[in-house]
Structure formats: C-alpha cells, structure tokens
1. Between PHE85 and ALA267, what's the calculated FRET efficiency when r is the beta-carbon distance and R0 is 51 Å? Round to 0.05.
2. For a quick size check, give me the Cα extents of segment 241-409 along its three principal axes, largest first, whole Å.
3. Using packing as a proxy for protection, rank 411-422, 205-216 so that the peptide with the highest average count of other Cβ atoms within 10 Å comes first.
4. Just to be sure I understand the model, the point goes 7 Å from the Cα along the line to the Cβ. What's the resulting GLU220 to ARG49 distance in nm?
5. Pull out a ≥ b ≥ c, the square roots of the eigenvalues of the alpha-carbon gyration tensor of segment 114-261, then state rounded if a/c is under 1.5, prolate if not and a/b is larger than b/c, and oblate in the remaining case.
6. Take the chain, connect every pair of alpha-carbon atoms lying under 10 Å apart with a spring to form a Gaussian network, then pick out the residue of GLY60, GLY404, GLY32 with the largest mean-square fluctuation.
7. Can you compute the modelled spin-label distance between ARG106 and ASP375, with each label point 7 Å from Cα toward Cβ, in nm?
8. How many Å³ per residue does the convex hull of the Cα positions in segment 308-399 occupy?
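Every number here is computed from the coordinates shown, using simple stated rules; none is lab data. If you're wondering where the values come from, they're calculated on a predicted model, not measured in any experiment. Every residue, glycine among them, receives a Cβ derived from its backbone with ideal geometry; neighbour counts consider all protein chains shown.
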Amino acid sequence: MKIAYITAGAGNMYCGSCLRDNTLAAALIAAGHDVLLIPTYTPTRTDERNVSLNRVFLGGINVFLQEYVALFRKTPRVLDRLLDFPPLLRLATRWNVSVDPANLGRLTVSMLRGTGGFQRKEILELVRFLADEVAPEVVNIPNSLLIALAPAIKAELRVPVCCTLQGEDLFLDGLGEPFRTEAVRLIREHAAHVDAFTAVSRYGADQMAGYLGIDPARIEVVPLGINLDGHLRAELEVEPFTIGYLARVTPEEGLHVLAEAYRRLRARPGLPSSRLVAAGYLAPEHQAYLASVRQVLQSAGLAGHFEYRGELDRLGKLAFLNRLSVFSVPSPSADQKATFVLEAMASGVPVVQPRRGAFTEIVSKTGGGLLVDQDDPEALADGILTLWKDVAARKALGAKGYDGVRQHYGSSRMADATLEIYRRLLRPAGAEK
C-alpha cells in the first residue's frame, strides 16, 4: 500500500505526537508498505531512527511570515523553498520560539481556513507534491489542527483521507476567545471531508467526539504503540528508593503535584532514604516553574532529594527508566496518549497515576500500576508508599506492565490496526470483507 502520512514538527523538542507518527510510519515500512512521512512546520525530532522526508512543507517561517506580512503571500516559490530549507528551520527552532497556544490564536485560525487563509499557496504546494510526486492510495493527516488540508487533498487526489486525533483539545482550549470558538467551528466544517478519524485511546475518542461534534461512529480507536527495542526489565530494588518523572516539565504534566506528594511522603516518620528524579524537555518559559518546584522541596529541607536531569535521548531514557523503583507523572489535565506511562511499563517499572484520561484504560488493561484519586497529593503519596513498603507487589505490578505493554501497546499492533482501517476505506463499495 502507498501511504502519504503527514506529520507536524514541534521545533526543538521531542513531541509525543511526532514520536508516535514516526514509530507508526517505521512499523508500516517494516511491514512492507510504501510510506512517505512528510514533515510540516519544522523537521521532526525523534529519539529513534527518523524515517521522515528530508523536506518540510508549510514551513514555520513561511507560515508565520505569510500570516503577518502581506508581501510574503505573493513571493515566488524559489524563495519559499529557501525558507523551508530544513537546516534553516532547525536553526530557527534554536531561538526557542514559543508554542504557547495563547500566542497562536490568529495563526491557528488562519491555517484552519485552508485555501481561504493566508497560507493558501503553502497548502497548494503540498497538495501538488502529493499529486505529482507521491500519488498515494491514502493520505493521513496528523491532527485536527491540520484538517483544512482535507478538502484540497480530496479535490485533487480523490483518495481516502484519514485524520488522527491526538489531544488537540488542550491546545484549542489554550487559544482564548474568539479564536477557540472559530477554530472549533472550522474543524467541524472540514470534518465532512475526512473519510475516517482515528484516536489514540478510547478516552480520546470519546473526548474528541464531544468536543468537535463528530459522530462517535466515525472515530476508530488505534491504541498508541511504542517501539519496545531496548526496554529491559528494571531491577526495582535500587537504593535509595527512587521515584521517577519523565515528561515535559510543565504545569500541565504535574511535576509540582509529584513534588508536593513527595514532601508529604517524607513528612511521615521512619522512612529510609529516597530520592525524586525528573527528566524531560524544559522550555525557557517554564524555567520559573521548575524553580518553584525546587523551592517547595527546599523549604521542606528536601533540596538534596531532588535532581533534574534535563532532556534525554533514547539511550539516556532507557537507562533512566531502568534505575527507578516507581514512576509517576500526575498530570492535572486528562492525557489522551500517555506515552510516558507506556515507556515506564515497557521497562517493568510500576506506575502510580491519577484516575483520569488514558491513564485509567492503560493501567486497567495492563495491570501495571496503581490508580489514585486525581488532584490529590496525599492519595498519590499513599500509592507510592504502598509500593515502597511492599516489594513483592512492586515487582508483580512491574511484571504485569512489562507483559501488558508487549501484549497491547507494541508498534506492530498499532500498525496492524491502522492498516485495517486503510484497507476498509480502499475496499470497493459492496465488496466482501
């Protein structure tokens, strides 16, 4: 099968959606299919072998300039291609341009206007590339924020178009008004041009159906899958007892909740030594947030208990997970993907997560951890303490998670489920299954 899979770069950081798209494309290629992973905005950054095309469409520089400077809406393609040059875009991402949705409302709405927006020529360039140089049997759009590509692709290529839903509701909520309302209206309008929607979790399917007004019957669940290569079973009896956090360092992922739970945990008498270690991308605008987390622990006399290890590559991530006793990323918002939970479980590390979003279905399906009341540091501390005191339970949950991820959340399973949807879309009307 010939598949054009569009993905959205996230600049200089590891992005869960980029990682997921790259893992899926690699698994489809390994299964013998002709897959072209096409970056938009910026080159993608992954911690695995990057299988994406070394060319960027809808380059971030062009998209921005065409929104705010009328001259760039009429520049020749040779200049546009220069501004889409991947090394230039990589250089631009080093300036740490903010991806805060509060600053991107106007640009988001313009992109969602598709060929009626200021980025018209960028969209048409991508569509011409698909038609003239790729000729795919199916096209996959990475999220609903790029759904405005669907009408132009359908009109030109006349092939099925799929759209993956990966938790865009959180970004849309951050746009502020009137941009959020207009963005959702445009997404709903373009949804008629999509042949199938896929969601990365059951929670995500239900959430996005209501949020975007999509008939739930049009959304199919393709559970997130990860590359299991290199994930070895953790020992779980490291000294001192080590609680790990591996995600972006932002309020949305809840490091402050884990720090407060750790403070309460250490206030209980008779506990042996322990430590709290965190790793993950830290944007410049969140430096103050990390400082506030440190201050909470310092005020409790626990400064020496905490270590932030920065952003990790794949080998660093695998080594980090292998030296943990328990794992927690207590996000205050409902996560639709929860990649970090799967990665911890894939290394046999039990998790303690709030009972919300995709955490509930992943932990329930694998049996690889404990679920506690959401937004409750005391309940989180209790869950961690339970596994601290009961080594046998810790190992049993770790083993269940290790096996459960391999049974339900491997990249090949994700690829198989995706292919089944594509095959169904390509099957002639009335043909037998």
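1. Computed FRET efficiency for PHE85 and ALA267 comes out at 0.40.
2. Cα spread of segment 241-409 along its principal axes, largest to smallest: 43, 38, 29 Å.
3. Details: 411-422: 18.8, 205-216: 16.6.
Ranked by mean Cβ neighbours within 10 Å, highest first: 411-422, 205-216.
4. A separation of 2.7 nm, rounded to one decimal place.
5. Prolate, because a/c is 1.5 or more and a/b exceeds b/c.
6. GLY32
7. Each label point lies 7 Å from its Cα, and together they span 3.4 nm.
8. Here the figure is 98 Å³ per residue.
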